[in-house]
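Trainee: My questions will all concern the structure given below.
Where a number appears in this text, it was derived from the coordinates with a stated rule and is not lab data. Computed from a predicted model, the values in this text were never measured in an experiment. Backbone-built Cβ (ideal geometry, glycine too); neighbour counts: all protein chains shown.
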Amino acid sequence: MSEQLSTTLSVAQQQINQMLTMQDAMNSRVSETWRENGYEWYRAIWVECAEMLDHHGWKWWKHQEIDIAQVQLELVDIFHFGLSLRLMTGSTVDSIATKLAKELHQGTAENDFKIALENLASAAVTNKSFDAKALADCMSLMNMDLNELFRQYVGKNTLNFFRQDHGYKEGTYIKIWHGKEDNEVLADLVNSLDASADDFQQQLYAALEEKYPSA
């Protein structure tokens, strides 16, 4: 293995390790017994795939523009479910991160986004599993590398925590902030902060707190 590849995989493992830890924390926040609850993470994956295809476009009988930003958001959501599925295997976070780093680096070189997406959905439906190589294909075809996935994942995970802390489950959470949806506010904030900072998540949470409208 070349030194450059070794460094790339090492950085990827660190990022994935952090995301796995964050995913476990988020799932535990929703339910402390999430591993025993039998949630159908695989079903969430293929349903998201179908939604994503609409944002990408697939109808040959009408003109459709690819909404790249929305497709990327859906890929991030799928990664949440994929991480949860891998955590359900009982393997250690380190071993899952090592395996995922390799799979996301490799992909399969599929060059048709719709086929790559169907491969991702097929693994979820047929094997109830997360096909990280298919996700890697989808990402590369949407100009999204692992650094971008990491940036958007940390953003969405932090927003999910923020929602839970501000009454999401109870139905008191405010989703429109000064005329913008919270997801839009999040995107603006993520772009304004340094995602490589050690306290990126803490900075982002504090920025959300500052922007949140008081009831």
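Trainee: Per-residue ellipticity at 222 nm for the chain, helices alone: DSSP H runs ≥ 4 residues times -39500 (n - 2.57), over residue total, nearest 500 deg cm²/dmol?
Mentor: Values: 9 runs with 146 residues, N = 215.
My calculation for the chain gives -22500 deg cm²/dmol from helical runs alone.
Trainee: Could you run the Karplus curve 6.51 cos²θ - 1.76 cosθ + 1.60 with θ = phi - 60° over the stretch 67-79 and give me ³J(HN,Hα) per residue in whole Hz, x for Gly and Pro?
Mentor: Along the stretch 67-79, the couplings run 8, 4, 4, 6, 4, 4, 4, 5, 4, 5, 4, 4, 4 Hz.
Trainee: Pop out the ³J(HN,Hα) list for the stretch 112-122 in order, Karplus 6.51 cos²θ - 1.76 cosθ + 1.60 with θ = phi - 60°, rounded to Hz; leave Gly and Pro as x.
Mentor: 10, 4, 4, 5, 4, 5, 5, 5, 5, 5, 4
Trainee: Moving on to the next point. For Gln202 and Ala50, what is the calculated FRET efficiency with R₀ set at 45 Å and r taken between the beta-carbons, to the nearest 0.05?
Mentor: That gives a FRET efficiency of 0.80.
Trainee: Over the stretch 57-198, what relative contact order in percent results from Cα pairs under 8 Å that are six or more residues apart? Can you show the working numbers first?
Mentor: Numbers: 95 pairs, mean separation 30.0, N = 142.
So the answer I get is 21 percent.
Trainee: If you stretched the chain out fully between Asn37 and Lys102, how much longer would it get, using 0.36 nm times the residue separation minus the C-alpha to C-alpha distance?
Mentor: Numbers: separation 65, 0.36 × 65 = 23.40 nm, distance 2.94 nm.
Full extension from Asn37 to Lys102 adds 20.5 nm.
Trainee: At 25 °C and 0.890 mPa s, grab the translational diffusion coefficient of the chain from Stokes-Einstein with a Kirkwood Rh over Cα pairs, rounded to a whole number in µm² per second. Walk me through the intermediate numbers first.
Mentor: Values: Rh = 18.2 Å.
Stokes-Einstein gives a translational diffusion coefficient of 135 µm²/s.
Trainee: Net charge around Glu103, counting only other residues with Cβ within less than 12 Å of its Cβ (Lys, Arg = +1; Asp, Glu = -1)?
Mentor: Values: positive: Arg86, Lys99, Lys102, Lys133; negative: Asp131, Asp137.
Combined, the nearby Lys, Arg, Asp and Glu give +2.
Trainee: Grab the Cα-Cα distance for Asp188 and Ser28, subtract it from 0.36 nm times how many residues apart they are, and report the gain in nm with one decimal.
Mentor: Working: separation 160, 0.36 × 160 = 57.60 nm, distance 2.77 nm.
My answer for the length gained is 54.8 nm.
Trainee: Separate question: Across the chain, how many lysine pairs, 8 or more apart or on two chains, come within less than 27 Å at their alpha-carbon atoms?
Mentor: 24
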